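Peer 1: Okay, here's the structure, questions in a sec.
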Amino acid sequence: MIALALSTAMLLGQFAPQKMASEMLPPEQEARVQRIGAQLRCAVCQGLSIAASPSSIARAQLDTVRDMVRQGKSDQEIKDYFVVRYGEWVLLSPRAEGANWAVWLLPALLLLVGAFTIARALRGPKVAQAQAQAPDAAASAPPPAAGAEDEYLRRVREEVEG
């Protein structure tokens, strides 16, 4: 049943690729359209750019980019147009200004913290060995002078020893 439903849908054109509403530009301008489209987020897919998304909304947005390129608008003007309409969220790479610095700096900070944690974990067994050897060294050390010992420690030792 599923195979019959899928084949019928394909015959009726349900899974056919979306056609562009506007005509293609010369190759150098079309490459620019695709480059700009790769920097703008699809509103439906959210993880894809409008150049990579198969959704009809993304196709319409790419056609808008194509029309703006045809009109001679700069890349920044086209991005600003989409930012005004959809907000900063539409940019796949947020601008490095204001609160967006966290997006750019947080990965590097996390890498540094991770490297520090790994270094401490690798150094940990050496420190534990040094601490294990320390009691042996303390046992071989001469006892402190009688007057230098704390009164509390002296009373505890007397109770423990007997």
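The values are calculated or read from the model by the stated rules, or taken from the named source; none is laboratory data. What you see is a predicted model; the values in this text were computed from it and never measured. As a convention, Cβ positions derive from the backbone with ideal geometry for all residues, glycine included, and neighbour counts pool all protein chains shown.
Peer 1: Which of the residues belonging to region 57-90 are charged (D, E, K, R) and assigned to a helix (DSSP H, G or I)?
Peer 2: Matches in region 57-90: ARG59, ASP63, ARG66, ASP67, ARG70, ASP75, GLU77, LYS79, ASP80, ARG85, GLU88.
Peer 1: Counting just the residues of region 134-162 that are surrounded by 10 or more Cβ atoms within 10 Å (Cβ to Cβ) and part of a helix (DSSP H, G or I), which one comes out modelled with the lowest pLDDT?
Peer 2: The residue in question is ALA134.
Peer 1: Further question: Would you check if LEU48 is buried (at least 16 other Cβ atoms within 10 Å of the Cβ), in the same structural domain as GLU23 (by TED's automatic domain parsing), at pLDDT below 90 and under 20 Å from the mean Cα position of the chain (by Cα)? Give the derivation first.
Peer 2: Working: buried (at least 16 other Cβ atoms within 10 Å of the Cβ): yes; in the same structural domain as GLU23 (by TED's automatic domain parsing): yes; at pLDDT below 90: yes; under 20 Å from the mean Cα position of the chain (by Cα): yes.
Answer is yes for this residue.
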